[in-house]
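The values are calculated or read from the model by the stated rules, or taken from the named source; none is laboratory data. Everything numeric in this text was worked out from a predicted model, so none of it was measured. Neighbour counts are summed over all protein chains in view; Cβ atoms, including those assigned to glycine, are modelled from backbone coordinates with ideal geometry. Please note that ligands, DNA and RNA were not included when accessible areas were found on the heavy atoms of the full protein model with its side chains. Shrake-Rupley method; radii C 1.70, N 1.55, O 1.52, S 1.80 Å.
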Amino acid sequence: MNSGDVNNGTARTGHRGAGQITGRPDADPASAPARDRSGRVALADRVPGRLPDLDNSATDAPAAAGDPATPGGPDAATRPPTSLAAAAPAPGVPLGLPREDLERLVNGTHHDPHSLLGAHPAGDTTVVRVLRPDASAVTVLVGEDRHPAARLHSGGVFAVALPEVLPDYRVEVAYPHGSHVVDDPYRHLPTLGEMDLHLISEGRHEELWKVLGAHLRELSTPGGTTVTGVSFAVWAPSARGVRLVGDFDFWDGRAFPMRSLGHSGVWELFVPGAGVGLRYKYEILGFDGVWRQKADPMAFRTEVPPATASVVTHSDYTWDDQDWLDRRARTAWHAEPISVYEVHLGSWRRGLSYRELADQLTAYVLDNGFTHVEMLPVAEHPFGGSWGYQVSAYYAPTARFGGPDEFRHLVDTLHRAGIGVIVDWVPAHFPRDSWALGRFDGTPLYEHPDPRRGEQPDWGTYVFDVGRNEVRNFLVANALYWFEEFHIDGLRVDAVASMLYLDYSRPDGGWLPNVHGGRENLEAVAFLQETNATVYRRFPGVMMIAEESTAWPGVTRPTHLGGLGFGFKWNMGWMHDTLDYNSRQPVHRSYHHHQMTFSMVYAYSENFVLPFSHDEVVHGKGSLLRKMPGTRWEQLANLRALYAYMWAHPGKKLLFMGCEFGQDNEWNEAASLDWPLLSDPSHRGVANLVADLNELYRSTPALYRRDSDPSGFSWIDANDTANNVFSFLRWSDGTSAGGHPAAAAPNAAARAGADVAGQPTAGGNPTGADAADGGVLACVTNFAGIGHHGYRLGLPFPGRWREVLNSDGQRYGGGNVGNFGAVQAVEESHHGLPASATLTLPPLGTVWFRYEPGTADSPGSPA
């Protein structure tokens, strides 16, 4: 028998599946930890907010350098190699282990260290083995009894035989300068049950974050003692070994090898005494034989970049938004006003925390009348210049502005103010950082193994292999996680087109066709359908929004009808055509008139959002204001006319931060918005217009109720190329194109800017709530550089048409050219409609008119 194979004639206990501790057949079942239906160890009802430090029971003597539980030890990379020579135990101690097992254990390559370490029945005794590198002595404590352990291996393996079966015990670890009493990590059952592992392998675990990652737990020992600590679990199927490193072991993983839970590919370990705030990583021996330190893919908190460690966290947050969630679940958003303020949290006002944003951003959005906030990705990302679109920790809000509970507070505050929260989500690709997801276990794990599918040439990133069950599960569960844990109201899915097409941004020969020889990514289609269907099933009233820039059919069609199942799609075609048209000098616009009318050809093919997003004001494109031609007055007037046209056009609205007051400079993520511009009356006027547009939009059902219904829109004149004029009608539930409105109810209130009789002053400010039936609204936009006087416009009904908005109003910084509050339509057909009125159209201006039923015989105001 060699020195590494210590047997002494005593039979070894067999290996147990997933490290499960088994007693004799006649052992008392009550002595085993209770398990729930999933097979996991039953946890105590109470989970502490913070656990004690690992060395809380240390003696008064100072600890030695290298103590795994004490800061100050040497870095693992500089530690001398461990000798593989095994030391024989004291004679007569039945502690035998084969040398091969000992060496694999010490080297971190044993797939199931729990089968060697911890408590193991051996006849009428129990053998306890402990792994404590650099310890000078180990003593097992059973009540008041002390049982010194023999050293089995110079790498820190100790063992002792106890004269009873499966007792409750603790371990005293001695170092040259002190000792510590700790609980044994290797005497606990797995924290994942068989059903969890089955669902993970099938890719169907919808609450994946509850079993993988780091979780505070309280477990019970066979003696009934409660042990607090953190369970860690990570998916690394091709790893040859996984060790836990962090603050609790001075980043030396030798003391904490993890166990593999069978074919699932999951590695797991419970660390007693670990608690909130501890940093950690996984040290993974890859299939290629290289050790790598990796951040937790399921980390719920991270260090502040550029630091890269994962951080143990636990939420004690109490939500106060149930009223909002209840209303949300009853809301059909396709028929409701949605005006989105898109925000990059780091540059809206630089230096603000989540809590400060909760106060300042909420007040600002409320004052400006937006219904929702959309945040550029808040999941952790290493490079700020990516704006969050290269994510390294999909389950952790970025630590740049605070912790996860502080982010919860931000969402909660917005909800209590009646503001919805949409978050950008990036399931298409992820960065190549060596400490993150890429080549996680030494193989292409999260990314597709073929670079023709697994690499994104445009962004230098990896592409998720969504055809793999576990990867698909990782992403689907991540979408659910943001709704469940942070109460968000929508996900805007980034770069959908790059997922749908296998040849996206790839040269001929640089892409791999699907099984049918086509360019469609069938696995991505299935993934998107599953994600959308699962989200809508579990969270009624939320929104899934696609940034999809091609003509892929059925993006917002339900999955049971073969669509992708999104609720909304960004209308990128409308955005490009509209900005291209408005960037031209007015004298040339008549030749491009079709760019503004073409959107109505396909407006009802999907449920659209009209986006003026961050992508349009970066990378040398300039601000929206600077896209407008002419003098500064003309630029501002054109921008105001464009906004009023956009708010009247079918589709939900989205505006990037800064655009609401006419930001002059291109967006820079490293600087705050140009807030001083709000002291300039012309920019304050743009902000006033956007706020009034939002208020009038929210109070006018004709502008949103039939966004997805062709009967809610009709052109008055789509072909006035000579005058650069576009005119159309929006209809609400009580009216229809070609029909008659129901009787109108009085206005609920008048806005500031209206006279004492509730009528708008010259310039046309909004006047509050719409008629009870929603009525009909006429929108007329003049994109010419000159005004049009005596412009005859066809209208569906004779009577008074009130000017409810004029983008040239003095309040908005315009020239106040308008219609003195109203026009009177007479029974004189024009534009194929039975009535008409004579208007004054301001240069580069948009005017809205609302019909007032029952006024056909009343005198009109002068036009």
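From the list Val276, Val234, Val290, Val304, exactly one residue is at negative phi and buried (at least 23 other Cβ atoms within 10 Å of the Cβ). Which is it?
Step by step, each of Val276, Val234, Val290, Val304 is checked, and only Val234 is at negative phi and buried (at least 23 other Cβ atoms within 10 Å of the Cβ).
Return the total of residues in region 455-476 being modelled with pLDDT of 95 or more, open to solvent by less than 40 Å² (accessible area, probe 1.4 Å) and not in a loop (DSSP other than H, G, I, E, B).
Matching residues across region 455-476 total 11.
Hey, could you check region 813-841 for residues that are closer than 17 Å to Gly787 by Cα and of a type in the set (Ser, Thr, Tyr) and say which is least open to solvent (accessible area, probe 1.4 Å)?
Going through the qualifying residues, I end up with Thr840.
Which ranges mark the helices (runs of 4 or more DSSP H) fully within region 502-611 that have 1 or more residues being farther than 22 Å from Gly454 by Cβ and over 28 Å from the mean Cα position of the chain (by Cα)?
Counting at least 1 such residues, we get 572-582, 594-597, 599-602.
Can you confirm whether Leu141 is at negative phi and buried (at least 22 other Cβ atoms within 10 Å of the Cβ)?
Criteria not met by Leu141.
Can you find even one residue in region 357-375 that is crowded, with 21+ Cβ neighbours inside 10 Å and within 13 Å of the chain's Cα centre (by Cα)?
Yes, region 357-375 contains at least one residue that is crowded, with 21+ Cβ neighbours inside 10 Å and within 13 Å of the chain's Cα centre (by Cα).
Can you tell me which residues in region 244-261 are over 17 Å from Leu285 (Cα atoms) and either surrounded by fewer than 24 Cβ atoms within 10 Å (Cβ to Cβ) or of a type in the set (Phe, Trp, Tyr) (or both)?
Correct list: Asp247, Phe248, Phe250.
Tell me, which residue of region 788-811 that is of a type in the set (D, E, K, R) and crowded, with 20+ Cβ neighbours inside 10 Å is farthest from Pro681 (Cα to Cα)?
Among those that are of a type in the set (D, E, K, R) and crowded, with 20+ Cβ neighbours inside 10 Å, it is Arg800.
What's the number of the condition Met298 fails, among (1) part of a loop (DSSP other than H, G, I, E, B); (2) surrounded by fewer than 24 Cβ atoms within 10 Å (Cβ to Cβ)?
It is condition (2) that Met298 fails.
What number of residues within region 666-682 satisfy the criterion of being of a type outside the set (A, V, I, L, M, F, W, C) and open to solvent by less than 70 Å² (accessible area, probe 1.4 Å)?
Total satisfying the criteria: 6.
Table: residues versus (1) touching a helix residue (DSSP H, G or I) at 6+ places or on another chain (Cβ under 6 Å); (2) more than 22 Å from Asn521 (Cα to Cα).
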{"residue": "Thr398", "(1), (2)": "no, yes"}
{"residue": "Gly403", "(1), (2)": "no, yes"}
{"residue": "Phe407", "(1), (2)": "yes, yes"}
{"residue": "Arg416", "(1), (2)": "no, yes"}
{"residue": "Ile419", "(1), (2)": "yes, yes"}
{"residue": "Trp425", "(1), (2)": "no, no"}
{"residue": "Ser434", "(1), (2)": "no, yes"}
{"residue": "Asp441", "(1), (2)": "no, yes"}
{"residue": "Asp450", "(1), (2)": "no, no"}
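Let me spell it out: the conditions are (1) open to solvent by 10 Å² or more (accessible area, probe 1.4 Å); (2) in contact with an Asp or Glu (Cβ under 9 Å, 6 or more places away or on another chain); (3) of a type in the set (Lys, Arg), and Arg452 meets all of them except one. Which number is the exception?
Unmet condition: (2).
Go through the residues of region 318-333 one by one and say whether even a single one is closer than 30 Å to Asp707 by Cα, hydroxyl-bearing (Ser, Thr, Tyr) and in a helix (DSSP H, G or I).
No, there is no match, as no residue in region 318-333 is closer than 30 Å to Asp707 by Cα, hydroxyl-bearing (Ser, Thr, Tyr) and in a helix (DSSP H, G or I).
Looking only at region 565-581, which residues are within 24 Å of Leu376 (Cα to Cα) and touching a residue at least 60 places away in the same chain (Cβ under 8 Å)?
Correct list: Phe566, Gly567, Phe568, Trp570, Asn571, Trp574, Thr578.
Which residues, counting only those in region 626-640, are farther than 20 Å from Val847 by Cα and crowded, with 22+ Cβ neighbours inside 10 Å?
None - no residue of region 626-640 is farther than 20 Å from Val847 by Cα and crowded, with 22+ Cβ neighbours inside 10 Å, so the list stays empty.
Of everything in region 409-420, what is open to solvent by 10 Å² or more (accessible area, probe 1.4 Å) and among the small types (Gly, Ala, Ser)? Give them in sequence order.
Ala417, Gly418
Quick one: count up the residues across region 238-248 that are over 14 Å from Asp112 (Cα atoms) and not in a strand (DSSP E or B).
Within region 238-248, residues that are over 14 Å from Asp112 (Cα atoms) and not in a strand (DSSP E or B) number 3.
Determine which single condition Arg350 fails, assuming it passes every other condition in (1) more than 23 Å from Val493 (Cβ to Cβ); (2) buried (at least 23 other Cβ atoms within 10 Å of the Cβ).
(2)
When you check Trp333 against the structure, is it closer than 19 Å to Leu414 by Cα, open to solvent by less than 10 Å² (accessible area, probe 1.4 Å), in contact with a Gly (Cβ under 9 Å, 6 or more places away or on another chain) and not aliphatic (A, V, I, L, M), yes or no?
For Trp333, the condition - closer than 19 Å to Leu414 by Cα, open to solvent by less than 10 Å² (accessible area, probe 1.4 Å), in contact with a Gly (Cβ under 9 Å, 6 or more places away or on another chain) and not aliphatic (A, V, I, L, M) - is not met.
In the set Gln595, Gln529, which member is among the polar types (S, T, N, Q), under 17 Å from Ala495 (Cα atoms) and free of Cβ contacts under 8 Å to residues at least 40 places away in the same chain?
Sole residue among the options that is among the polar types (S, T, N, Q), under 17 Å from Ala495 (Cα atoms) and free of Cβ contacts under 8 Å to residues at least 40 places away in the same chain: Gln529.
Matching residues to (1) open to solvent by less than 20 Å² (accessible area, probe 1.4 Å); (2) over 23 Å from Asp707 (Cβ atoms); (3) in contact with a Leu (Cβ under 6 Å, 6 or more places away or on another chain); (4) of a type in the set (Lys, Arg):
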position: Met543; (1), (2), (3), (4): yes, no, no, no
position: Glu548; (1), (2), (3), (4): yes, no, no, no
position: Arg557; (1), (2), (3), (4): no, no, no, yes
position: His560; (1), (2), (3), (4): no, no, no, no
position: Trp570; (1), (2), (3), (4): yes, no, no, no
position: Asp580; (1), (2), (3), (4): no, yes, no, no
position: Val601; (1), (2), (3), (4): no, no, no, no
position: Val609; (1), (2), (3), (4): yes, no, yes, no
position: Gly620; (1), (2), (3), (4): no, yes, no, no
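Any idea which of Leu166, Leu189 is within 18 Å of Thr226 (Cα to Cα) and open to solvent by 30 Å² or more (accessible area, probe 1.4 Å)?
Being within 18 Å of Thr226 (Cα to Cα) and open to solvent by 30 Å² or more (accessible area, probe 1.4 Å) holds for just one of Leu166, Leu189, which is Leu166.
Being within 24 Å of Asn607 (Cα to Cα) and open to solvent by 10 Å² or more (accessible area, probe 1.4 Å) is the filter; apply it to region 718-735 and report the residue that is modelled with the highest pLDDT.
Selected residue: Ala718.
Here's the yes/no breakdown for (1) open to solvent by 10 Å² or more (accessible area, probe 1.4 Å); (2) not in a loop (DSSP other than H, G, I, E, B):
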site: Val391; (1), (2): no, no
site: Ala396; (1), (2): no, yes
site: Asp405; (1), (2): yes, yes
site: Ile422; (1), (2): no, yes
site: Pro427; (1), (2): no, no
site: Asp433; (1), (2): yes, no
site: Ala436; (1), (2): no, no
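Considering only region 201-219, I want to know if a residue exists there that is more than 30 Å from Arg537 (Cβ to Cβ), open to solvent by less than 30 Å² (accessible area, probe 1.4 Å) and assigned to a loop (DSSP other than H, G, I, E, B).
no
Please verify whether Ser613 is within 24 Å of Tyr341 (Cα to Cα), touching a strand residue (DSSP E or B) at 6+ places or on another chain (Cβ under 8 Å), surrounded by 17 or more Cβ atoms within 10 Å (Cβ to Cβ) and of a type in the set (Ser, Thr, Tyr), treating the condition exactly as stated.
So Ser613 fits the description; yes.
Any residue that is in contact (Cβ under 8 Å) with a residue 60 or more places away in the chain and on the phi > 0 side of the Ramachandran plot - is there at least one of those in region 457-464?
Checked region 457-464: no residue is in contact (Cβ under 8 Å) with a residue 60 or more places away in the chain and on the phi > 0 side of the Ramachandran plot.
Which residues, taken from region 181-200, are touching a Pro at 6+ places or on another chain (Cβ under 9 Å) and part of a strand (DSSP E or B)?
Passing the criteria: only Val182.
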